[in-house]
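Q: Please find one structure pasted underneath; my questions will follow.
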Amino acid sequence: MTERSSRLTGFATLSRSERLDALKDWLPEGTDASGILGNTGVLSGDLVDRMVENAIGVMPVPLGIATNMVVDGEDVLIPMATEESSVIAAVCNAAKRCRATGGFRTSYAGSLTIAQVQILDVADPHRARLEILRRFEEMRDLCNQVDPMLVELGGGLRDVEVRLLDGRHGRMVVVHLIVDTRDAMGANAVNTMAERIAPVLADWTGGRSLLRILSNLADRRLTRAEAVWPADEIGGAAVVDTMLEAAEFAVIDPYRAATHNKGIMNGVSAVVLATGNDTRAIEAGAHAYAAQSGQYGPLTRWEKTADGGLAGSIELPLSLGIVGGATRIHPVAQLALGIMRAESAGRLSRLVAAVGLAQNFGAVRALATDGIQKGHMALHAQNIAIAAGAEGDEISRIADAMKARGEINASMAARLLAELRT
Ligand code: MEV
């Protein structure tokens, strides 16, 4: 066996096909890596190379459409990119069941993004705090010089907050720049502002600036959605009651809340990815927000309405953009934004929140009634057949046969495939 080294000198400077050659000792035997990775689809090879370092190809994920959605009185179709079956079906189903009550109503707190500047070794932090607040206008001028285009579009520094935090290295002065980033997610704009203003703040306070970076706990970009599902749309009063009991579990137990919120993020992240936005930023913000009371809890709330229906609501920070980053250069992201008519970051955020709520409705209803596996495995049966080696029309024949037997698993798929082929 040859000794392999991960020290691939000069790898970054190679072309994509040269990179595959350089990987030959690492590729699983018998794989046609250039066949799998050679075609980069709608992303030109050049774009792939510019988007990330050491690129060898793309990782395609299915893109589907959530139908039936009505958001703020308007019918919308929402593209979702996900590798998980039943995610899109659950949203379509939940949206259909609340059309009669008008679908989803939403609100959006605005596009204020927070950047943090950490200042250490300040002798008199309280005085430093007041000094910074007093000089807000100077700060605004300096910060706004960083991105004149943003200012032209109505954005820029709006406010400053100064927090004093005690840690093992003494008291820190933490300055929040609160910047209206309009239709952008805004990371680049606020990070540049933070880097520009940090030495000035260090000078004013007599301290030493260290970190200068945006916060993903985007609690100035809260987005909310709510909807009501009539009892007879969801299986009657008994189902409403069991769904409330199921939802309460997430309120009192972080183990359950993590899974409850994971289900919400199935929908949220799928729209975020489809639009070329930063899924990790949204995930980090959502989970941090879910823990803000000190106990990690659910992002949604469920109640019974006066006439026995089920009212659901969601609130989460959504730092999304429709300009900048991959959103602008990825043709699928552009198309997705066009399909959903998301003409502003606010509208996109509202649609994403509505999908998160629909997703949670679907999961809680399934869990509180049949259990999740029945519907999920029915949709997943084709994937299991493919994993067992089925091809062409074998796939649906094996999936259907597994469903008919009520046994959907890898060994059944392998057995049926062997039978089919003999
Ligand atoms: C699976 O991807 C998501 C669920 O676990 C969500 C939930 O439990 O609420 C079904």
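Q: Residue separation times 0.36 nm, minus the C-alpha to C-alpha distance between V61 and S396: what's the value? Intermediate results must be reported in sequence, preceding the final value.
A: Values: separation 335, 0.36 × 335 = 120.60 nm, distance 2.08 nm.
Separation in residues times 0.36 nm, less the Cα-Cα distance, equals 118.5 nm.
Q: Also, I was wondering about something else. Do any GluC sites (Glu not before Pro) in the stretch 326-408 lie in a loop, going by DSSP, with at most 10 other beta-carbon atoms within 10 Å of their beta carbon, and if so which? Please report the intermediate quantities before stating the final value.
A: Numbers: sites: E343, E391, E394, E407; in loops: E343, E391, E407.
Within the stretch 326-408, the qualifying GluC sites (Glu not before Pro) (loop, at most 10 other Cβ atoms within 10 Å) are E391.
Q: Most fluctuating residue of H126, H260, H330 in a GNM of the chain with Cα springs under 10 Å: which is it?
A: Comparing H126, H260, H330 in the GNM, the peak value goes to H126.
Q: So what is the 222 nm mean residue ellipticity for the chain from helices alone, if each DSSP H run of at least 4 adds -39500 (n - 2.57) and you divide by all residues, rounding to the nearest 500 deg cm²/dmol? Mind showing how you got there, number by number?
A: Working: 17 runs with 201 residues, N = 422.
The per-residue figure over the chain is -14500 deg cm²/dmol.
Q: Could I ask something else about it? Anyone know which of L310, L337, L210 comes out most mobile in the 10 Å Cα GNM of the chain?
A: Largest GNM mean-square fluctuation: L210.
Q: Which value results when the Cα radius of gyration for the stretch 112-214 is divided by 2.2 N^0.38 Å? Before the final figure, lay out each step's value.
A: On the way: Rg = 13.1 Å, N = 103, 2.2 N^0.38 = 12.8 Å.
Here the Cα radius of gyration is 1.02 times the empirical estimate.
Q: Within the chain, which DSSP H helices have Cα atoms that stretch 30 Å or more along the helix axis and a mean Kyte-Doolittle hydropathy of at least -0.5?
A: Working: long enough: 345-368 (34 Å, 0.86).
Helix filter hits for the chain: 345-368.
Q: Full extension from A404 to D124: what is 0.36 nm times the residue separation minus their Cα-Cα distance, to one decimal in nm? Before the final figure, lay out each step's value.
A: Numbers: separation 280, 0.36 × 280 = 100.80 nm, distance 7.40 nm.
Taking A404 through D124 to full extension adds about 93.4 nm, to one decimal.
Q: Less than 27 Å apart at the alpha-carbon level, and either on another chain or at least 8 residues along: which lysines does that give for K374?
A: Within the straight-line cut-off, K374 pairs with K96, K262, K304, K403.
Q: How long are the three semi-axes of the equivalent ellipsoid of the chain, in whole Å, if each is the root of 5 times an eigenvalue of the C-alpha gyration tensor, listed from largest down? Please report the intermediate quantities before stating the final value.
A: Values: eigenvalues 350, 210, 81 Å².
Three semi-axes, in Å: 42, 32, 20.
Q: Now a separate question. In percent, how large is the relative contact order of the stretch 1-60, given Cα pairs closer than 8 Å and 6 or more residues apart? Present the calculation step by step, with values, prior to reporting the outcome.
A: On the way: 35 pairs, mean separation 22.7, N = 60.
With pairs under 8 Å counted, the relative contact order is 38 percent.
Q: Are there trypsin sites (Lys or Arg not before Pro) in the stretch 163-217 that DSSP puts in a loop and that have at most 11 other Cβ atoms within 10 Å, and which ones?
A: Values: sites: R163, R168, R171, R182, R196, R208, R212; in loops: R168, R182.
Taking the stretch 163-217 and a limit of 11 other Cβ atoms within 10 Å, the loop trypsin sites (Lys or Arg not before Pro) found are R168.
Read the figures in this text as sums done on the coordinates, not as results from a lab. All values reported here derive from a predicted model rather than from experimental measurement. So basically every Cβ, Gly included, is an ideal-geometry build from the backbone, and we count neighbours across all protein chains shown.
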